[in-house]
Amino acid sequence: MGLALSKSIAEIRALPYPEYRSWELFYLLEPFGFENNEYLIAAILAMIYNVNRAKGKAKQPKDFMRNMLASLVKQIQQPSDITAIPREKLIRQIKKDFGIE
């Protein structure tokens with residue numbers, strides 16, 4: 001929700017409960033985020049494919065959607081090379097990324 005509203009986690013937590021709840025209800029009516037965008041693009045691709053296909057079975061939007069969950073699980077299961085980075089260099093990079101230096 002924070003990404004959709006351009007708010008940090010702290011700002012989301014500071015929302016009054018009625019406002020937070022209204023955003024939750026709005027999401028149920030009008031979903032936002034990458035899942036919704038993924039479906040909309042897949043629906044357009046399915047429509048273009050089906051309009052231009054020869055005889056045969058029509059494709060559904062799900063046929064054009066990526067399996068994001070499987071992709072994330074695969075990335076998590078791959079060994080990380082972060083242990084090869086010296087600790088001091090890693091700390092410097094993290095501080096730089098977060099503007100702590």
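Quick note: the coordinates plus some simple rules give every number you see, no bench work behind them. The shown structure was predicted, so the numbers you read here are calculated from the model rather than taken from an experiment. For neighbour counting, all protein chains shown are included, and Cβ atoms are generated from backbone atoms with ideal geometry for every residue, glycine included.
Descriptive notes on the structure:
- Flag if Ile85 is closer than 24 Å to Gly33 by Cβ and without any contact (Cβ under 8 Å) to a residue 24 or more places away in the chain: no
- Filter result for Ile9 (surrounded by 12 or more Cβ atoms within 10 Å (Cβ to Cβ) and of a type in the set (Val, Ile, Thr)): no
- All of (1) under 25 Å from Leu5 (Cα atoms); (2) in contact with a helix residue (DSSP H, G or I) (Cβ under 7 Å, 6 or more places away or on another chain); (3) of a type in the set (Gly, Ala, Ser) hold for Gly99 with one exception: (2).
- Filtered residue count, the stretch 8-55, keeping only those that are within 24 Å of Leu72 (Cα to Cα) and under 17 Å from the mean Cα position of the chain (by Cα): 15
- Residue count for the stretch 4-43 under the criterion of being closer than 26 Å to Met68 by Cβ, of a type in the set (A, V, I, L, M, F, W, C) and touching a Phe, Trp or Tyr at 6+ places or on another chain (Cβ under 9 Å): the result is 8.
- If only residues of the stretch 47-71 that are among the small types (Gly, Ala, Ser) and more than 24 Å from Phe34 (Cα to Cα) are counted, the one that is surrounded by the most Cβ atoms within 10 Å (Cβ to Cβ) is Ala58.
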